[in-house]
Amino acid sequence: MSQYQVLFSGQISDGASQNVVMQNLARSLDLDERKVGQLFSGRTVVVKSQLSRDEALALQEQFASLGAVARVKDREPVSEPAFKVDRRVTDHTLRDITAAHQECPRCGHLQLESEFCARCGVDIATHARQSRKEDLLIAKKIREMQIKKQAHSEAITVTSSSFVSADVKLPDSSSKATGIFGKLAKKLLGK
């Protein structure tokens, strides 16, 4: 199947005159002035298509003998890719790009490093400082809660040891604890 094209974009050979080349093309290809003008419009024009390789090269040589530079283009589909395809499985996300990218702390937009977010317009540095302050306050509250919890558990330990020293008898593990006091004492002492 013939899939070659001859293309011309108005280029002429070194040392040739454009007027002479235009006249030669008009006479050789039997073209009128308007069609020859289209050949020299500056755009690439398909002169002839669906040619065999030999026919396309012969037409290119004919153009060269008239002082015009034509190209031959192969329209045949390529059976093998022109480049090697990497078949390894990788995560192709924007987060793989390491060159100076940052994520907006408010909306999550990934962009090149900048003072303001391109999507929501937040001042990134100010928002980051505010977030750090909030994180510190949250961490402080968590520490306070842990201290209260630890103090509370120490108070329960002291209370439970005072129950034992007061010779409070707990029911055996085989019998059921009766009443609220029995259940509480059993839970506190882990029996």
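Each reported figure results from applying straightforward, stated rules to the coordinates on display, with no laboratory input. Bear in mind that the values here come from a model prediction, so they are computed numbers and not experimental data. Virtual Cβ from ideal backbone geometry, glycine too; neighbours counted across all protein chains shown.
Across segment 4-74, Cα pairs under 8 Å and at least six residues apart give a relative contact order of 58 percent. Once the dipole of segment 4-74 is set up with Lys and Arg at +1 and Asp and Glu at -1 on Cβ about the Cα centre, which of 68, 38, 15 lies farthest towards its positive end? Among 68, 38, 15, the one farthest towards the positive end of the dipole of segment 4-74 is 38.
The distance between label points at residue 3 and residue 65 comes to 3.0 nm (points 7 Å beyond Cα on the Cα→Cβ vector). Amide H to amide H distances under 5 Å link residue 11 with 69, where only residues 5 or more positions off or on other chains count and H is placed in the peptide plane.
Couplings 3J(HN,Hα) of segment 20-34, computed from phi: 5, 5, 4, 5, 4, 5, 4, 6, 6, 9, 6, 10, 7, 4, 5 Hz, in residue order, whole Hz [Karplus 6.51 cos²θ - 1.76 cosθ + 1.60, θ = phi - 60°; x for Gly and Pro].
Spin-label model, residue 136 to residue 48: label points 7 Å out along the Cα-to-beta-carbon direction sit 8.2 nm apart.
Phi angles across segment 137-147 convert, under the Karplus curve 6.51 cos²θ - 1.76 cosθ + 1.60 with θ = phi - 60°, into 3J(HN,Hα) values of 5, 5, 4, 5, 5, 5, 4, 4, 5, 5, 5 Hz, Gly and Pro given as x.
Residues whose amide H falls under 5 Å from that of residue 47, counting only those 5 or more places apart or on a different chain, are 6, 7, 8, with hydrogens built in the peptide plane.
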